[in-house]
Amino acid sequence: MTRRPMIAGNWKMNKTPAETRAFIEALLPQVDAELACDLLVIPPYTSLDLAGRLLADTGVRLGAQDLHTSPSGAFTGAISAGMLDACGCAYVLVGHSERRHVFGDSDATVNAKLRAAIAGGLTPIFCVGERSEQRAAEQTTAVLAHQLTEGFAEVAATEASDVLIAYEPVWAIGTGETASPDQAQDAIRFIRNWVADQYTASLAEGMRILYGGSVKPNNAAELQRQPDIDGALVGGASLEPESFLQIVQAAGRGAS
Ligand code: 13P
């Protein structure tokens with residue numbers, strides 16, 4: 001089965017609405033309609049409504065960085081799946097490393113967010129990854145299995161088939177230290193095997209699993225050449241249209 005690669009740009013806490021407009025207006029004329037991969041931008045909440053309007057009817061999709069577990073209510077500062085959908089979001093990150101390790105999202109919270117995203121009609125990109133000391137202690141696969149088991153608790157196969165997974169080793173995020181293509185491939189193969197064991201081989205075979213962590217124009221093609229890597233979740237290098245598009249082009253070469 002051929003899985004269509006996705007290149008996603010997670011802007012994190014960067015860009016005002018004016019900067020978002022400038023980025024999208026620079027990006028769109030350069031996006032090739034024949035592109036061999038899906039393109040996704042993930043701005044901060046304050047830019048989503050504008051980005052949704054600018055990206056409507058283009059080939060570039062919109063995602064959000066997080067969501068609350070409830071559809072509405074007394075949750076000051078929080079944003080629900082329905083609000084994201086109304087801004088034109090089709091995707092949402094769930095369990096990003098910074099949500100887990102900076103904001104303290106527990107496995108139970110991440111599971112509730114995954115289910116809230118699915119219930120709200122959004123496609124979740126479920127993020128997993130080990131810390132450097134866990135890799136050093138050879139606990140990588142145990143950590144991934146734990147995050148997957150907890151995260152997908154009570155998620156049925158019909159729901160899981162719409163989820164994307166992103167493998168983002170914590171030690172590679174924002175550090176310039178990318179996982180080697182072999183390390184990324186091994187971890188993503190492990191994740192795919194976990195999905196096959198938990199659900200079915202065909203669901204696992206169809207699931208898109210991205211790599212994230214210091215993806216740059218100069219390493220994207222080699223990562224994308226690995227058989228189980230279906231694209232990239234890019235942080236820093238997604239903030240400029242030029243480097244984002246270079247990664248898109250590199251991924252296209254890797255895929256071909
Ligand atoms: P960097 O590409 O800046 O390492 O960030 C990766 C990331 O966390 C994307 O979600």
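Coordinate-derived values only; no laboratory data. From a predicted model like this one, the values you see are computed outputs, not experimental measurements. Glycine also receives a Cβ, built like all others from the backbone with ideal geometry; neighbour counts cover every protein chain displayed.
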field: Those lysines that a straight Cα-Cα span of less than 19 Å connects to residue 113, excepting residues fewer than 8 apart in one chain
entry: 12
- prompt: What list of ³J(HN,Hα) couplings, whole Hz, do you get for the range 185-191 from phi and the Karplus terms 6.51, -1.76, 1.60, once you set θ to phi - 60° and write x for glycine and proline?
  reply: 4, 4, 5, 6, 4, 4, 4
statement: Taking a crude spin-label model, label points 7 Å out from Cα along the C-beta direction, the residue 202 to residue 90 distance in nm is 2.4
- prompt: Three principal axis extents, largest first, for the C-alpha atoms of the chain, in Å?
  reply: 47, 45, 34
- prompt: Using the beta-carbon distance between residue 246 and residue 70 and R0 = 35 Å, what value does 1/(1 + (r/R0)^6) give for FRET efficiency, to the nearest 0.05?
  reply: 0.30
- request: Have a look at 137, 36, 184 and tell me which one the Gaussian network model of the chain (Cα, springs below 10 Å) gives the largest fluctuation.
  value: 137
message: Taking 0.36 nm per residue of sequence separation and subtracting the Cα-Cα distance, how much length would be gained by fully extending the chain between residue 13 and residue 119, in nm to one decimal?
response: 35.6 nm
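What number, rounded to the nearest 500 deg cm²/dmol, is the helix-based mean residue ellipticity at 222 nm of the chain, given -39500 (n - 2.57) per DSSP H run of at least four residues and division by all its residues?
Mean residue ellipticity at 222 nm (helix-derived): -12000 deg cm²/dmol.
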